[in-house]
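K.L.:
Below are the structure tokens for one structure; questions will follow.
The values are calculated or read from the model by the stated rules, or taken from the named source; none is laboratory data. Only a predicted model underlies this, so the values are computations on that prediction, with no experimental measurement involved. Don't worry about glycine lacking a Cβ; one is built from the backbone with ideal geometry, like all the others, and counts go over all protein chains shown. Heads up: the accessible areas ignore ligands, DNA and RNA and are worked out on the full protein's heavy atoms, side chains in. Shrake-Rupley method; radii C 1.70, N 1.55, O 1.52, S 1.80 Å.
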Amino acid sequence: MAPQPGGAGQFFDLNALTSTSSTTYSWQDPASLPNGGQFPDAEFALTNAGPDTIFYKATAAGIERIGDTQTISAVGTDYPFTTVFSNSVLELALPLTYGDPFWTDLFEGSFTVDGTPAVRNGSITGSADAWGYIVMPGGQDTVHVLRVTTRLTEAIPLTISGFPIEVNHIHNVNAYYPAWGKFPVVRTVSDSLTSQFLNQDYSYTEWLDATALGVADAEMGAAALQVFPNPAKERATVVFASASTGSFDVQVIDARGAVVQHVQTTGRRVDLEVSKWEAGLYQVVLTHADGQRSVRPLVVAH
């Protein structure tokens, strides 16, 4: 799925995405990993239950990659290699707020492939280019996110089986971070490796499954009714993923029991303008076409 436009207060609806495969990621203690001894400064490592591991440390600048192990395919053969970055890669600048200027970081690393020393050098740029709410695939959860967009470019001159190869690598990531997690709930990735002997391109969108996400709420009812932001100051959005068809009634009821807004819709989203409402507690009531009801509280705070 191509990344959606950036900006403030965006609504990223990924409800229709379906999974084609799964991968297990885990944060681990670098000292417990086979190559951990090569990275004595590493504080945590991210593995994908395969040959790829990234070693990180947290600094005053943010989260920096100080090394990695991975495999490159060239001339019909897979070559594993381990990179030690003498100048680390600032993958996530911290603190980070929407609208901050792009950060740019130069990096350099060395490794050995097919018995020959080689270097990796390039740059990474990134920014928080969007914030808003993301409806997860399947519509079970809506998460408040900050989107961080990065672009890494590097040159990797290699000599494999006697052949000199100049590999150019471009790695683009749109990562949607929740306020409560250090791993994005959704990532859209495009990657390319090009040289005179190979041309590899791939792209994918991946997301945390419901068990890893852990924010599902039984109070949402059968419609998975959600209201955000909550508390709201100027606007609030009502989203739901009911399996019912036909029209739906959305009512907002104040603490006195009066209906302050009533909307009939065939869609799955209703936007509320609450800037002129009195501060206080409201109830959002969704009535299904089959008569079932789902209720969520809404707090208006000016």
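K.L.:
Out of THR245, ILE72, LEU198, whose Cα points farthest toward the positive end of the dipole of the chain (charges: +1 Lys, Arg; -1 Asp, Glu; placed on Cβ)?
P.N.:
Of THR245, ILE72, LEU198, it is THR245.
K.L.:
With +1 on each Lys and Arg Cβ and -1 on each Asp and Glu Cβ, and nothing else charged, work out how big the dipole of the chain is about its Cα centre, in Debye to the nearest 20.
P.N.:
Its charge dipole is roughly 760 debye.
K.L.:
Excluding ILE66 itself, what net charge comes from residues whose Cβ is under 14 Å from its Cβ, given Lys and Arg +1 and Asp and Glu -1?
P.N.:
So the surrounding residues net to -4.
K.L.:
Using the heavy atoms of the protein chains and a 1.4 angstrom probe, tell me the accessible area per residue for the chain in square angstrom.
P.N.:
Result: 51 Å² of accessible area for each residue.
K.L.:
To continue, here is another question. Below 28 Å, Cα to Cα, which lysines can LYS233 reach? Residues fewer than 8 away in the same chain don't count.
P.N.:
LYS182, LYS276
K.L.:
Can I ask one more? For an R0 of 25 angstrom, estimate the FRET efficiency from the Cβ-Cβ distance between SER21 and TYR79 and round to the nearest 0.05.
P.N.:
Efficiency, rounded to the nearest 0.05: 0.55.
K.L.:
Carbon and sulfur atoms: what percent of the 1.4 Å accessible area of the stretch 152-302 do they account for?
P.N.:
Working: 4060 of 7870 Å².
Answer for the stretch 152-302: carbon and sulfur cover 52 percent of the accessible area.
K.L.:
A follow-up question, please. For the stretch 8-55, rounded, prolate or oblate, judged on the Cα gyration tensor with a ≥ b ≥ c (square roots of eigenvalues), a/c < 1.5 rounded, else prolate if a/b > b/c? Walk me through the numbers before you get to the answer.
P.N.:
Details: a/c = 4.95, a/b = 2.06, b/c = 2.41.
Because a/c hits 1.5 or more and a/b fails to exceed b/c, the stretch 8-55 counts as oblate.
K.L.:
Over all distinct Cα pairs, what is the inverse of the mean 1/r for the chain, reported as the Kirkwood hydrodynamic radius in Å?
P.N.:
Over the chain, the inverse of the mean reciprocal pair distance is 22.0 Å.
K.L.:
Continuing with the same structure: Quick check: net charge around THR245, other residues with Cβ under 15 Å of its Cβ, Lys/Arg +1 and Asp/Glu -1?
P.N.:
-1
K.L.:
How do VAL299, VAL285 stack up against each other in accessible area, from largest to smallest, with a 1.4 angstrom probe? Write down the numbers at each step before the final one.
P.N.:
Numbers: VAL299 55, VAL285 5 Å².
Heavy-atom accessible area, descending, gives VAL299, VAL285.
K.L.:
Tell me, what is the 1.4 Å probe accessible area of HIS144, in Å² to the nearest 10?
P.N.:
The accessible area of HIS144 comes to roughly 100 Å².
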